[in-house]
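What follows is a short report on a single structure.
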Amino acid sequence: MPHTRPTTDIAKGGLFNILENNLDISSLKTLDLFGGTGSITYELASRGATDLTIVEKDPAMAAFISKTATSLGIEHLKVVKMDVFKYLQQCTEKFDLIFADPPYMMETLDQLPIKVFEQDLLNPEGWLVVEHTQQNKFKDYSWYRSERNYGETVFSIFINRASLKK
């Protein structure tokens, strides 16, 4: 398998507890940025989500995701081989859940929530979940709701609430 850093099982379990307690996963239109192995999207599919998009620029990983999705019987998955920031610039769709697990050392990581909201990619009440380390601080961002820590893994949650616009 190519170079990835999959979300740990403990962190993924915690994330899905949060999602299941707040969202109807089976009704969500989802976008997985920096798809890696695709494990978050496979988990979403196993919990009923049927409108699934993954963006992964590495051709080997994109092929791995497609092959794995086929072997798991996931039919409603669109794999986009493209740089995430280029994708965000040209995307015209809206999503209910955007999950982003960027490389932890990515210099533009702090720009990710800003780009998602500038491009208006979330439906009302839609969620953006960004996986990162303790080094990144998002508490002062518009739309920020909360964060959950699982050791080195932190999930920051942003919600598109029109009443919170600055």
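The values are calculated or read from the model by the stated rules, or taken from the named source; none is laboratory data. Everything numeric here is computed off the predicted structure, so don't read it as measured data. Counting neighbours? That spans all protein chains shown, and the Cβs are built from the backbone with ideal geometry, glycine included.
The rows are residues; the columns are (1) outside any strand (DSSP E or B); (2) of a type in the set (A, V, I, L, M); (3) in contact (Cβ under 8 Å) with a residue 12 or more places away in the chain.
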residue	(1), (2), (3)
VAL79	no, yes, yes
MET82	yes, yes, yes
PHE85	yes, no, yes
PHE99	no, no, yes
PRO102	yes, no, yes
MET105	yes, yes, no
ASP110	yes, no, yes
ILE114	yes, yes, yes
PHE117	yes, no, yes
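Residue by residue, here is whether (1) of a type in the set (Lys, Arg); (2) surrounded by fewer than 21 Cβ atoms within 10 Å (Cβ to Cβ) holds:
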{"position": "GLY36", "(1), (2)": "no, no"}
{"position": "GLU56", "(1), (2)": "no, no"}
{"position": "ALA63", "(1), (2)": "no, yes"}
{"position": "THR70", "(1), (2)": "no, yes"}
{"position": "HIS76", "(1), (2)": "no, yes"}
{"position": "LYS81", "(1), (2)": "yes, yes"}
{"position": "LEU88", "(1), (2)": "no, no"}
{"position": "GLU93", "(1), (2)": "no, yes"}
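Checked across the range 135-143, the condition of being surrounded by fewer than 20 Cβ atoms within 10 Å (Cβ to Cβ), at pLDDT below 90 and aromatic (Phe, Trp, Tyr) holds for no residue.
Does LEU15 satisfy being within 14 Å of the chain's Cα centre (by Cα) and surrounded by 15 or more Cβ atoms within 10 Å (Cβ to Cβ)? It is true that LEU15 is within 14 Å of the chain's Cα centre (by Cα) and surrounded by 15 or more Cβ atoms within 10 Å (Cβ to Cβ).
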